Amino acid sequence: MKRRRYSLGDAEHPSRKLAIEVLSEFEDLLAEHGLRVPSSDRVGRRDEACLYGDVYYDLEDRVTELVEVFRKRTVRRRRAGSSSLYHTHHGFIGTDVTR
């Protein structure tokens, strides 16, 4: 069975799905603290999300791009035969200590 290829902008792309999950965690955290990120898209409804409108979508795009960069690096390093994690200011990521 052939795997379907999704464009990075598609909600079904694995990197975008992960970004949406990450943003959901931030939404929960903001809601726990009663915080809402300001947005010019807000209209004042009580049910507006903590991350809303263009602010949400801009952050979703940024996180998606970041996830995709790390995914590509990991794939490239695995193909090169690396198997150990390395540490950066983002924590343990990748699969190579030599970079």
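The values are calculated or read from the model by the stated rules, or taken from the named source; none is laboratory data. Nothing here was measured: the structure is a model prediction, and the numbers come from that model. Cβ placement follows ideal geometry from the backbone for every residue including glycine, while neighbour counts extend to all protein chains displayed.
Data table
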quantity	calculated
Any chance Leu59 is outside any helix (DSSP H, G or I), in contact (Cβ under 8 Å) with a residue 24 or more places away in the chain and within 23 Å of Ala11 (Cβ to Cβ)	no
Verdict on Arg77 being at pLDDT below 85, among the basic types (Lys, Arg) and surrounded by 15 or more Cβ atoms within 10 Å (Cβ to Cβ)	yes
Breaking point among (1) within 21 Å of Glu68 (Cα to Cα); (2) out of contact with any Asp or Glu (no Cβ under 9 Å at 6 or more places or on another chain); (3) at pLDDT below 95; (4) among the small types (Gly, Ala, Ser), for Ser24	(3)
Residue check, Tyr52 modelled with pLDDT of 95 or more and surrounded by 14 or more Cβ atoms within 10 Å (Cβ to Cβ)	yes
Residue list for region 1-54, filter: in a helix (DSSP H, G or I) and either basic (Lys, Arg) or in contact with a His (Cβ under 7 Å, 6 or more places away or on another chain) (or both)	Arg16, Lys17
